[in-house]
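One structure is given below, encoded as structure tokens.
The values are calculated or read from the model by the stated rules, or taken from the named source; none is laboratory data. Everything numeric here is computed off the predicted structure, so don't read it as measured data. Using ideal geometry, Cβ is built from the backbone for each residue, glycine included, and neighbour counts are taken over all protein chains shown. Side chains included, ligands, DNA and RNA excluded: accessible areas come from the protein's heavy atoms. Shrake-Rupley method; radii C 1.70, N 1.55, O 1.52, S 1.80 Å.
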Amino acid sequence: QQQVKQSPQSLIVQKGGIPIINCAYENTAFDYFPWYQQFPGKGPALLIAIRPDVSEKKEGRFTISFNKSAKQFSLHIMDSQPGDSATYFCAASIGGGDKIIFGKGTRLHILP
Amino acid sequence: GAVVSQHPSWVICKSGTSVKIECRSLDFQATTMFWYRQFPKQSLMLMATSNEGSKATYEQGVEKDKFLINHASLTLSTLTVTSAHPEDSSFYICSARPPAGGTYEQYFGPGTRLTVT
């Protein structure tokens, strides 16, 4: 119930391609869905987040698509660059983010 | 933007000794701070939630006597790993949440790499 399932575990994309990372959840009480980007040896940084009353959110090259009925959400990275190579975590929380449940992460590698 | 710092960024200690890690919110007051542990190539696991001026709440399976958390001020929380053992070697990350006011965000520190020899 408290899990967030993330796929794929790793992803390799050519520069300019659109990597897509998918996440699914069970607990309908989740009301905040952030995505984090983490570089090796660094803490995670918030990329973009969405609430369940919105089906899509764009910030720069990053887009979240949210399907409330399917309990799924995904991250798309437009015009991907080698600098986007990092580990990406989807997450979910309830009522203000007191406890963030992280997915297992996706190691993304963008080929130059 | 909100900045969270951690000190030290890395530490090596001998088995049986204790290590203290500091987490500071630099430009905001954090009534709530969180401590996570991350093993190589794995996700972040919440260890405990600390609220300023009260005892920390530990997640199931986390030994509160081994991982001592103190949140003495609105900008500082500390994690002390007592009697450290090699299996405690990990990447420890803190995060901080500003006081209630509409934001759901947690701001993460850069992490502390602990190696116990």
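Ordered from highest to lowest accessible area with the whole protein assembly present and a 1.4 Å probe, B:D27, B:D65, B:D88, A:D31 read as B:D65, B:D27, A:D31, B:D88.
Taking the square roots of five times each eigenvalue of the Cα gyration tensor of chain A, the equivalent ellipsoid has semi-axes of 23, 14, 12 Å, listed largest first.
Taking chain B as a Gaussian network, where each spring joins two C-alpha atoms under 10 Å apart, which residue of B:A96, B:A30, B:A84 fluctuates the most? For chain B, modelled as a Gaussian network with Cα springs under 10 Å, the answer is B:A84.
Taking all Cα pairs closer than 8 Å and separated by 6 or more residues, the relative contact order of region B:42-114 comes to 20 percent. Using Cα-Cα distances under 8 Å and only pairs 6 or more residues apart, what relative contact order does chain A have, in percent? Here the relative contact order equals 37 percent. Note on chain A: with a GNM built from Cα contacts shorter than 10 Å, the maximum mean-square fluctuation among A:D98, A:D84, A:D53 falls on A:D98. At a probe radius of 1.4 angstrom, the accessible area of region A:40-112 per residue rounds to 46 square angstrom.
Ligands, DNA and RNA are left out, and with a 1.4 angstrom probe the accessible area of chain B is 49 Å² per residue. Within the protein assembly as shown, B:C13 have no other Cys Cβ under 4.7 Å of their Cβ and so lack a disulfide-compatible partner by this rule. Ballpark to the nearest 100 Å², how much total accessible area do B and A bury together, probe 1.4 Å? So the buried area, both faces added, is about 1600 Å². Beyond 25 Å in Cα-Cα separation lie the following of the pairs A:K5/A:K58; A:K68/A:K99; A:K15/A:K68; A:K99/B:K66; A:K58/A:K104; A:K42/A:K68: A:K15/A:K68; A:K42/A:K68. At full extension, A:K71 and A:K99 could sit 8.2 nm farther apart than now, given 0.36 nm per residue minus the alpha carbon distance. For chain A, with all protein chains in place and a probe radius of 1.4 Å, 51% of the accessible heavy-atom surface sits on carbon or sulfur.
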